[in-house]
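A short write-up of the structure that comes next.
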């Protein structure tokens with residue numbers, strides 16, 4: 001009780017507490033999801049498909065189904081059920097990793113599918129503690145940074161630990177990593193549970209965030225279905241490129257720099273994380289929702305240009321492999337984090353929508369990860385002769401071109417809707 005009172009009295013203490021809690025909780029989630037990607041599983045295959053690809057596809061398939069389930073579960077989640085849900089999700093994921101180690105190859109890939117099933121909803125639960133506040137962008141900095149840096153840091157940790165304990169089999173390393181981080185995860189969940197609810201000022205500035213009903217969802221899609229679809233497809237392209245870069249980062253680095261060291265995985269993501277932290281965090285100081293909304297779109301366009309121009313410069317040998325991976329990561333995560341934590345937050349506040357950000361985010365996430373599974377399958381069956389780095393280049397260009405178009409269309413719609421709302425005339429989407 002005293003802790004909540006202290007968090008309510010001091011904005012600085014509250015912000016620091018929420019940032020650390022959200023960063024820690026989501027960073028630890030990655031310890032149950034990503035470290036297995038650092039394994040090579042050399043010489044293993046299922047039919048003509050490499051076993052590592054099978055493992056990645058299996059987990060992403062489960063993660064994708066979790067995102068579809070999250071459209072309902074997260075948008076309708078009651079505040080008093082959040083802590084039990086997020087702990088239960090992580091325990092199920094760790095149990096699946098236990099069986100991944102126990103069950104022999106080639107049958108254990110099923111348990112990575114089961115591992116992905118609960119993990120896709122962790123983000124929505126964590127973000128629900130932060131949304132609808134005048135400092136939401138600042139509070140979400142920890143969550144944003146964990147998304148950027150966790151995978152690289154944990155893969156480096158995996159490599160270093162496996163080097164110290166080489167006798168631990170690759171199939172047991174994911175469970176070992178999860179067990180290592182489970183107590184820390186529980187600590188950060190306790191920190192999340194201590195965060196007080198939004199104040200009256202928060203509600204006045206950002207609107208109250210409540211569990212949505214079916215009628216609420218139908219109404220908001222009638223009003224904003226077109227721009228939401230544009231943003232969903234844009235987000236899908238981001239997830240496809242981001243996941244491909246992340247899942248096969250070892251293979252990509254082997255192709256673009258024969259002398260690379262494991263430290264670059266952390267270095268590129270840490271630099272990206274700091275830049276994203278500064279840019280997204282600065283949006284919290286923009287109190288006007290229209291200005292914040294427009295700045296979010298400006299960051300979108302900047303991120304997409306980073307991806308396209310960086311890839312062009314690398315392909316023409318103007319930019320080194322290190323700076324290409326850094327530039328493309330920066331562009332991806334700038335756009336990705338704005339879409340996850342800023343654009344829908346500001347949209348709800350600007351248009352006074354009865355909704356929560358989790359509903360929109362999980363629509364985006366479900367389609368995005370569906371696209372990621374599609375890309376993995378397409379790469380395995382139809383692009384066998386292409387290098388990993390070549391695939392990343394091609395899809396970066398596609399993301400660049402399609403992203404600019406979708407962002408332009410959705411921005412035009414929002415401008416027309418706002419103009420009609422301002423003039424008091426009915427808005428016809430057609």
* Kindly indicate whether residue 295 is modelled with pLDDT under 90 and not in a loop (DSSP other than H, G, I, E, B). => no
* Looking at this structure, is residue 120 within 18 Å of residue 370 (Cβ to Cβ), surrounded by 23 or more Cβ atoms within 10 Å (Cβ to Cβ) and either more than 16 Å from the chain's Cα centre (by Cα) or in contact (Cβ under 8 Å) with a residue 12 or more places away in the chain (or both)? -> yes
* To do: Those residues that are assigned to a helix (DSSP H, G or I) and surrounded by fewer than 24 Cβ atoms within 10 Å (Cβ to Cβ), I need them from the range 350-363; list them, please.
  => 350, 351, 363
* Mind checking which helices (runs of 4 or more DSSP H) fall wholly inside the range 70-137 and carry at least 2 residues that are under 25 Å from residue 201 (Cβ atoms) and out of contact with any strand residue (DSSP E or B) (no Cβ under 9 Å at 6 or more places or on another chain)? => 122-128
* Structure fact -> Reported set for the range 410-425 where residues are farther than 15 Å from residue 293 by Cα and either in contact (Cβ under 8 Å) with a residue 12 or more places away in the chain or touching a helix residue (DSSP H, G or I) at 6+ places or on another chain (Cβ under 7 Å) (or both) is 421
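Here is a yes/no grid of residues against (1) in contact with a helix residue (DSSP H, G or I) (Cβ under 7 Å, 6 or more places away or on another chain); (2) buried (at least 20 other Cβ atoms within 10 Å of the Cβ); (3) at negative phi; (4) touching a residue at least 40 places away in the same chain (Cβ under 8 Å):
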| residue | (1), (2), (3), (4) |
| --- | --- |
| 15 | yes, no, yes, yes |
| 19 | yes, yes, yes, yes |
| 24 | yes, yes, yes, yes |
| 33 | yes, yes, yes, yes |
| 42 | no, no, yes, no |
| 47 | no, no, no, no |
| 64 | yes, yes, yes, yes |
| 70 | yes, yes, yes, yes |
* Take residue 396 and decide whether it is modelled with pLDDT of 90 or more, over 27 Å from residue 268 (Cβ atoms), buried (at least 23 other Cβ atoms within 10 Å of the Cβ) and under 26 Å from the mean Cα position of the chain (by Cα). => no
* Residue satisfying condition, being buried (at least 16 other Cβ atoms within 10 Å of the Cβ) and more than 23 Å from residue 286 (Cα to Cα), within set 184, 189 -> 189
* To do: For residue 281, state whether it is touching a residue at least 60 places away in the same chain (Cβ under 8 Å) and closer than 28 Å to residue 156 by Cβ.
  => yes
* Go through the range 204-223 and count every residue that is closer than 19 Å to residue 76 by Cβ, within 23 Å of the chain's Cα centre (by Cα) and surrounded by 20 or more Cβ atoms within 10 Å (Cβ to Cβ). => 2
* To do: Tell me, yes or no, whether the range 377-387 has at least one residue that is buried (at least 16 other Cβ atoms within 10 Å of the Cβ) and over 22 Å from residue 296 (Cβ atoms).
  => yes
* Asked: Within the range 278-287, is even one residue over 14 Å from residue 136 (Cβ atoms) and outside any helix (DSSP H, G or I)?
  -> no
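Residue 326: in a helix (DSSP H, G or I) and over 22 Å from the mean Cα position of the chain (by Cα), yes or no? Explain how you work it out, then say what you get.
Details: in a helix (DSSP H, G or I): yes; over 22 Å from the mean Cα position of the chain (by Cα): no.
Answer is no for this residue.
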* Please tell me if residue 335 is surrounded by 23 or more Cβ atoms within 10 Å (Cβ to Cβ) and either touching a helix residue (DSSP H, G or I) at 6+ places or on another chain (Cβ under 9 Å) or under 30 Å from residue 358 (Cβ atoms) (or both). => yes
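The values are calculated or read from the model by the stated rules, or taken from the named source; none is laboratory data. Keep in mind the model is a prediction, meaning the values are calculated, not measured. Quick reminder, even Gly has a Cβ in these numbers, built from the backbone with ideal geometry, and neighbours come from all protein chains shown.
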